[in-house]
Amino acid sequence: MEKMDRTMTFSLGNDREREIREILLTVYNALKEKGYNPVNQMVGYILSEDPTYITTHNNARNLIRRIDRDTLLQTLVKYYMTN
């Protein structure tokens with residue numbers, strides 16, 4: 001039997017970043033649907049960590065609270081700096 005010499009890689013980082021992106025898009029769209037300025041509301045939430053900046057529409061408030069604020073900021077800065 002021939003020996004396989006491949007290295008398998010495993011990364012939770014990309015999956016978590018993808019999940020954060022999906023949550024942010026859902027929150028953004030929920031805020032927009034309710035007539036809010038999504039960027040202003042999300043910045044307010046990030047700066048204060050006060051969930052009342054985020055609407056409950058489409059479960060947006062519960063979703064955004066699943067992301068630690070430091071993780072959220074790291075993900076946003078990383079995305080901005082690499083794109």
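The values are calculated or read from the model by the stated rules, or taken from the named source; none is laboratory data. Computed from a predicted model, the values in this text were never measured in an experiment. So basically every Cβ, Gly included, is an ideal-geometry build from the backbone, and we count neighbours across all protein chains shown. The accessibility values were calculated without ligands, DNA or RNA, using every heavy atom of the protein model including side chains. Shrake-Rupley method; radii C 1.70, N 1.55, O 1.52, S 1.80 Å.
The residues of segment 12-70 that are open to solvent by 70 Å² or more (accessible area, probe 1.4 Å), basic (Lys, Arg) and touching a Pro at 6+ places or on another chain (Cβ under 9 Å), listed by number, are 32, 65. Among residues of segment 33-51 that are closer than 17 Å to residue 69 by Cβ, those with a Cβ under 6 angstrom from a residue that is open to solvent by less than 40 Å² (accessible area, probe 1.4 Å), sequence gap 6+ or separate chain, pair up as 41/31; 45/54. Of the helices (runs of 4 or more DSSP H) lying entirely inside the chain, those containing at least 2 residues that are at pLDDT 95 or above span 12-33, 38-48, 60-64.
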